[in-house]
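Chemist: Take a look at the following structure, please.
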Amino acid sequence: MTLLIIGGTGTLGRQIVLQALTKGYQVRCLVRNFRKANFLKEWGVELVYGDLNCPETIPPCLKGITAIIDASTSRATELNSLKKVDWNGKLCLIEAAEAANIQRFIFFSAQNVEQFSNIPLMKLKQGIEMKLKKSHIPYTIFRLTGFYQGLIEQYAIPILENLPIWITNENTSVSYMDTQDIAKFCLRSLQLPQTTNKTFFLSGLKGWVSSDIINLCEQLAGQSAKVQQVPLSILKFISQFFGVFEWGQNISDRLAFVEILNMENNFSKSTFDLYKMFKIDPSEIIQLDDYFLEYFIRLLKRLRDINFEDVQKQKTLII
Ligand SMILES: NC(=O)c1ccc[n+]([C@@H]2O[C@H](COP(=O)([O-])OP(=O)(O)OC[C@H]3O[C@@H](n4cnc5c(N)ncnc54)[C@H](OP(=O)(O)O)[C@@H]3O)[C@@H](O)[C@H]2O)c1
């Protein structure tokens, strides 16, 4: 089976690439910048040039491909790219996949998309889900929760840099996941025919409220956090006023994301069934405490190394 992975340079995409290679799949990545994607080539990936902004570049990338894993999304730093990438680009991709007789198309959406069609990315995700369902391509859709990786920027770094952490006054819990575990589900679905033409709500096993995450980071960093609360009503007003939304960007957007995840939903009771169906032992799943612990250990080691190098340099200068 030859896989085409789109978004291989991204947070989730690179984990999928790594695990796919380990499992022995032939992996091709559609990339728009070979230099940036060079690390994928070093891992053993075949790189092909493609840009979701340029539809004509897409069909040639699909030659000889059995399955597509689309882990791409517009970069929030690129102005006006949302509709071009997450709508126009994806429509072209679906069209090309249908023409190429692709055997499986994996798409990543987000939880609670229906309730947030006022947020452009959510509306586009919902639209692409519908297009896929109407196509003749065997698909699997994963509606994802937030990634552990996003919590570093949201909580760990502000604590370390003594910057404020913005949270809402809601106290509902979110079952975040590590992208390594999401990648596991994604690749397992290729081996399970019963996951074809299905939508799965993927989430971790333990819910976390903001204050618990802050406490954990404070303990690991040995520093206190400066917490700023934004009432949910004000957040709603801000997101309606600006009408924009991209993952992990400015404060109002980030909080809007928290709001999306915080919606009461009923997926948690079926989470264990989902793990069973995918034959993934819940004890294999990376816990948030362990993820943060490893992050802080690596960071402190890095800081120690930098200090050591600085001291050595100073010593050389003194000599
Ligand atoms: N992050 C979350 O918490 C979260 C939550 C729920 C769902 N999701 C979904 O999960 C998926 C993966 O998210 P992520 O956070 O891992 O994404 P990410 O780190 O932002 O990476 C985005 C990827 O898309 C690629 N890309 C952007 N524009 C492109 C274009 N014009 N043509 C080709 N490729 C392009 C990027 O390539 P370059 O490196 O060249 O820019 C990069 O590889 C997305 O569908 C996202 O919506 C994410």
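Chemist: Local charge sum around Ile182 (other residues, Cβ-Cβ under 14 Å, Lys/Arg +1, Asp/Glu -1)?
Modeler: 0
Chemist: Right, here's the next one. Straight-line reach from Lys63: which lysines have a Cα under 20 Å away, not including same-chain ones fewer than 8 places off?
Modeler: By straight Cα distance, Lys63 reaches Lys41, Lys90.
Chemist: Then there is this: Roughly how many debye, to the nearest 20, is the charge dipole of the stretch 65-121 about its Cα centre, given +1 on each Lys and Arg Cβ, -1 on each Asp and Glu Cβ, and no other charges?
Modeler: 100
Chemist: Of Lys125/Lys226; Lys123/Lys198; Lys23/Lys276, which sit over 24 Å apart, Cα to Cα?
Modeler: Too far apart for the 24 Å limit: Lys125/Lys226.
Chemist: Still on this model: Using a ≥ b ≥ c from the Cα gyration tensor of the stretch 1-78 (square roots of the eigenvalues), is it rounded, prolate or oblate, where a/c under 1.5 gives rounded and otherwise the larger of a/b and b/c decides, a/b for prolate?
Modeler: oblate
None of the figures in this text is laboratory data; all of them are computed from the coordinates on show. All figures in this text were calculated on a predicted structure; none of them were measured in a lab. In this analysis, Cβ positions are derived from the backbone assuming ideal geometry, glycine residues included, and neighbour counts consider all displayed protein chains.
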